[in-house]
1. Among (1) over 16 Å from the mean Cα position of the chain (by Cα); (2) surrounded by 17 or more Cβ atoms within 10 Å (Cβ to Cβ); (3) modelled with pLDDT under 95, where does residue A:187 come up short?
2. Search the range A:95-134 for residues being within 14 Å of chain B (Cβ to nearest Cβ) and surrounded by fewer than 21 Cβ atoms within 10 Å (Cβ to Cβ), and hand back the single one that is farthest from residue A:36 (Cα to Cα).
3. Looking only at residues that are under 20 Å from residue A:31 (Cβ atoms) and within 11 Å of the chain's Cα centre (by Cα) in the range A:200-232, which one is nearest to the other protein chains (Cβ to nearest Cβ)?
4. Tell me which residues, restricted to the range A:56-87, are of a type in the set (Ser, Thr, Tyr) and touching a helix residue (DSSP H, G or I) at 6+ places or on another chain (Cβ under 6 Å).
5. Take the range B:249-275 and flag every residue that is of a type in the set (Val, Ile, Thr), touching a Cys at 6+ places or on another chain (Cβ under 8 Å) and free of Cβ contacts under 8 Å to residues at least 60 places away in the same chain.
6. Can you pull out every residue in the range A:202-224 that is open to solvent by 10 Å² or more (accessible area, probe 1.4 Å) and part of a loop (DSSP other than H, G, I, E, B)?
7. Quick check on the range A:166-180. Is at least one of its residues among the hydroxyl-bearing types (Ser, Thr, Tyr) and buried (at least 20 other Cβ atoms within 10 Å of the Cβ)?
8. Which of (1) more than 10 Å from chain B (Cβ to nearest Cβ); (2) aliphatic (A, V, I, L, M); (3) over 30 Å from residue A:57 (Cβ atoms) does residue A:276 not meet, given it meets every other one?
There are 2 protein chains.
Amino acid sequence: MKKRRTSKAISIGDVTVGGGATIVVQSMTKTKTADVAATVAQINELADYGCELARVAVPNAEAAAALPAIKKGISIPLIADIHFDYRLALAALEAGIDGLRLNPGNIGETEKVKKVALAAKERGVPIRIGVNAGSLPGDLNPRHSVARRMVEAAMRQIRLLESLDFDLIKLSLKAFDVPTTIDAYRRIARMTDYPLHIGITEAGTPRAGIIRSAVGIGNLLYMGIGDTIRVSLTAHPREEVVAAYEILKSLNLRQRGPVLVSCPACSRADVDIVSLAQAVETKLARVDKAITVAVMGCAVNGPGEAKEADIGIACGRGTAVLFRKGRKIGVVEEKDFISVLMREVEGF
Amino acid sequence: MKKRRTSKAISIGDVTVGGGATIVVQSMTKTKTADVAATVAQINELADYGCELARVAVPNAEAAAALPAIKKGISIPLIADIHFDYRLALAALEAGIDGLRLNPGNIGETEKVKKVALAAKERGVPIRIGVNAGSLPGDLNPRHSVARRMVEAAMRQIRLLESLDFDLIKLSLKAFDVPTTIDAYRRIARMTDYPLHIGITEAGTPRAGIIRSAVGIGNLLYMGIGDTIRVSLTAHPREEVVAAYEILKSLNLRQRGPVLVSCPACSRADVDIVSLAQAVETKLARVDKAITVAVMGCAVNGPGEAKEADIGIACGRGTAVLFRKGRKIGVVEEKDFISVLMREVEGF
């Protein structure tokens, strides 16, 4: 795994992105932003799941008007997502938001971007230049690859902001196509040291969307690229946050809650491992310590994996060997598998 | 994305693995192998989902005795997974299986492996040397990293098989830890040109297991490594096959059925995109052709993404613009979104 790319640090409210800070998990609300109660409730639920930055779309004046009240109801920094109308960005800044996301493809004239940048600078609010393959500026060379045009769109905005002496910049270059997205981020990572927000856009419903996101984000993270991640799913945003943590956990980049190691089950298992693992997973959902628990079905890899875990059982016929931190600490009857395992987890 | 590593081709029944062949999807049954009816039914279901190689555990003589009848009931090649007892490998070969998987950590003496290799060679049956981090031979240098010891275990068996003039070899080096797995495969990929079976072992229940597998397998495939994949999940094996295809589709390595592009939905959408995308996904599950369908919630990236798809709708308030192959072909009323989209998909 590559050493993490060196990036500048920016602060979005009290959350640092880049500069070697922990990789930050963010998501976006799916409520109507103008509906303050619903939006505050959704952001607070996301925060409970570990979301560290919340973004809301600000498509109109009513949404902008709701921002001060939303800010009051939540405890994580708030980012406003703006398209087309730069005046909404100015209103969001006025309302006290902590970060802005602008799409270079649809804000329009330089003068408008300038106005927003100056107002953001005054308040020390970072701007994410959020390039999206689906909305690239029309005047880029169509013979260049999509990834290259995404980079060109980003660089154009970077130069504009830099010319205004504005450098509280974060970048994203997202496409639905995973290799295109990876290519775009690899290119921009070599060209600038701004922190990168990574993700796959319009990744779809959870079934395929989680996989597309894990492959895309997982490749970038393995390359050392990425300071904050958002998994985009056509689903409740809590699914995005859970998936983001699973991606980070799979590469040992963050810990959050238990990790369950369980074998796929096969003809060798004398226990119904699928049901057992599901039952343990359900119990573990209420545990919030970072602990590795192994539920293994047979003698082949069971003892080996169970030993590596903090707590593990390797099941045989009617009994299982219980391990704690690599040491065998007992033999358990099948009827007690779950209760003993959970007692050990509680006491760990 | 890296060019695919050059590997030797082997044949498992009528399926070619390596040598530039299409990356093969495989899975493993979770029935008792001795239960012929259940095992045959599960393999045939897996084949319907696109599984191209089926593996069964052969933990005892009854399982070995069931193999000829299983072979008769299925149409995809059959691989026997053997641990501890080399005589079961001999029995499986006798029974006409198409491939063998042996774990170097637990077959024991060289003489036993030799007997199996000679019998396999006689029948032209390939052997997978399936190294697993949870069951490494005990005499490897414990100061070497797990990945390095996995490679050493594999190389030891390779040399033994090669000394018997046996080269119908496939390799796997799986761990639960994703970076360890990637490291092991990268090392072995440089050292031999045998085809590689890739996967993350004991990846867990679907929620986390799919993500661990997508990150691990997705990184290896992006590096050009991998000739056949198995996603290991503590779940029905059809979930493994579906996930395997989604990983391959995300990197444009295989096509199978429709790809659904859908936006995550946000305050900008005037339609309930989550419900709409789910309804379209359900309808598409019955469609067999490789087609990209986009369901987009607003005017920001909607038209751009919808245009890139084979068929797409970009929803507005009460109506959507319908695209076919990048051309706008009409405007659709909200009540007709699903029916019109599906009519276009059918006719594509």
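The values are calculated or read from the model by the stated rules, or taken from the named source; none is laboratory data. Note that the structure is predicted; figures quoted are calculated from it, not measured. Heads up, the Cβs are rebuilt from the backbone with ideal geometry, glycines too, and the neighbour counts pull from every protein chain shown. In case anyone asks, the SASA skips ligands and DNA or RNA and just uses the protein heavy atoms, side chains included. Shrake-Rupley method; radii C 1.70, N 1.55, O 1.52, S 1.80 Å.
1. (3)
2. Applying the filter and picking the extreme gives A:108.
3. The qualifying residue nearest to the other protein chains (Cβ to nearest Cβ) is A:232.
4. A:86
5. Across the range B:249-275, the qualifying residue is only B:273.
6. Answer for the range A:202-224, where residues must be open to solvent by 10 Å² or more (accessible area, probe 1.4 Å) and part of a loop (DSSP other than H, G, I, E, B): just A:223.
7. Yes, some residue in the range A:166-180 is among the hydroxyl-bearing types (Ser, Thr, Tyr) and buried (at least 20 other Cβ atoms within 10 Å of the Cβ).
8. (1)
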